[in-house]
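Right, one structure below, let's go through it.
The values are calculated or read from the model by the stated rules, or taken from the named source; none is laboratory data. Predicted model, so just to flag it, every value in this text is computed and none were measured. Reconstructed Cβ throughout: ideal geometry from the backbone, glycine too, with neighbour counts over all protein chains shown.
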Amino acid sequence: MKIIQLLSHFFSFSQSISSFNLEKQRSFIKEIASHYCKDRWAVRENISKELEPVISEYSKGIILDLGTGGGVILSILQEKGIPAVGVDVVGEMLKEAQLKGIRSLVQSDGVKLPFEDGIFSVVLLWGNTLGPIPGEDNRAALLQELRRVTSPDGFLAISVLNRFSSPLRALMPHEYTFLYKSRSNDWISKARGYNRYYSFGELKRQLKVAGFNNFYRLTKSSDSSLALLAYPN
Ligand SMILES: C[S@@+](CC[C@H](N)C(=O)[O-])C[C@H]1O[C@@H](n2cnc3c(N)ncnc32)[C@H](O)[C@@H]1O
């Protein structure tokens, strides 16, 4: 009974997903910014391990960290001496990154980036940044813009949440709204956020439409995250 109460507290199956828009999502992100960033920095070591296969594929050039949030990924790259730029649309997130001493931050919407075509050797869309963007068209527009700024001999590294990580997970809705509960303390958001889980096939199809043609899968089918490298050529 407790599990059902807990699930219904965090997941709203009744709310209309289609009415959930970018504006609602961005005010949710502003509300959770400081708690979310604290939670991400607390698992910096795990994130660093997750990124190892991506970094080992990197050889030269500048990395774009799209949806940099509190800048934890940028801190890992900058510590390794890799030139990287972090972009986020939410100023509150960038303020958290600045408080951590992170440099090379740009506030911009990822669908209209202030960068030339093909300028980045690697684009990171990591830490489930695609899934929380409401609307298929908005996600497609972001992937298309990321393809534009990816070098023809570069790649996009993406991680989302895996829809088929377990039989129970597979039975649950792949789109839902939820209240954010901080991992660092008992704080729970008042506003709801949106999230979408993916299968490998769904993600690959969206990436193909955006102009990525070859894929290398980094995670196993039972892993909670689904991560892959997507190459234009
Ligand atoms: C789930 S967080 C991930 C943060 C970071 N990548 C990490 O792993 O800790 C997603 C971030 O993407 C940002 N974001 C969402 N849509 C965006 C867009 N269209 N352009 C730029 N940033 C965006 C959000 O503000 C948020 O900081």
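Brief remarks follow.
- Residues (of a type in the set (Gly, Ala, Ser) and either in a loop (DSSP other than H, G, I, E, B) or more than 16 Å from Ser121 (Cα to Cα) (or both)) located in the stretch 70-103: Gly70, Gly71, Ser75, Gly81, Gly91, Ala97, Gly101
- Exclusive hit being closer than 22 Å to Ser182 by Cβ and either at pLDDT below 95 or touching a Lys or Arg at 6+ places or on another chain (Cβ under 7 Å) (or both), set Gly71, Gly91, Gly67: Gly71
- Filter result (buried (at least 16 other Cβ atoms within 10 Å of the Cβ) and touching a Lys or Arg at 6+ places or on another chain (Cβ under 7 Å)) within the stretch 183-206: Tyr197, Tyr198, Ser199, Phe200, Gln206
- Members of the stretch 138-156 found to be within 17 Å of Ile62 (Cα to Cα), in a helix (DSSP H, G or I) and not hydrophobic (A, V, I, L, M, F, W, C), listed by number: Glu145, Arg147, Arg148
- Residue in the stretch 115-132 that is buried (at least 16 other Cβ atoms within 10 Å of the Cβ), among the aromatic types (Phe, Trp, Tyr), near the ligand (Cβ under 10 Å from one of its atoms) and at pLDDT 95 or above present: yes
- Across the stretch 109-145, the number of residues qualifying as over 21 Å from Glu50 (Cα atoms) and within 16 Å of the chain's Cα centre (by Cα) comes to 15.
- Among the residues examined, Ser19 qualifies as modelled with pLDDT under 95 and either closer than 12 Å to Gly193 by Cβ or of a type in the set (Ser, Thr, Tyr) (or both).
- Inspection of the stretch 60-69 finds a residue satisfying the criterion of being more than 15 Å from Trp126 (Cα to Cα), of a type in the set (A, V, I, L, M, F, W, C) and buried (at least 16 other Cβ atoms within 10 Å of the Cβ).
- Condition met for Leu161 (touching a helix residue (DSSP H, G or I) at 6+ places or on another chain (Cβ under 7 Å) and farther than 16 Å from Ile29 by Cβ): no
- Subset of the stretch 184-223 [within 20 Å of Glu145 (Cβ to Cβ), of a type outside the set (Gly, Ala, Ser) and in a loop (DSSP other than H, G, I, E, B)]: Phe212, Asn213
- Every residue from the stretch 133-147 that is crowded, with 18+ Cβ neighbours inside 10 Å and either within 15 Å of Ala227 (Cβ to Cβ) or more than 12 Å from the ligand (Cβ to nearest atom) (or both): Arg147
- Subset of the stretch 83-114 that is within 11 Å of the ligand (Cβ to nearest atom) and among the small types (Gly, Ala, Ser) - its residue that is surrounded by the most Cβ atoms within 10 Å (Cβ to Cβ): Gly86
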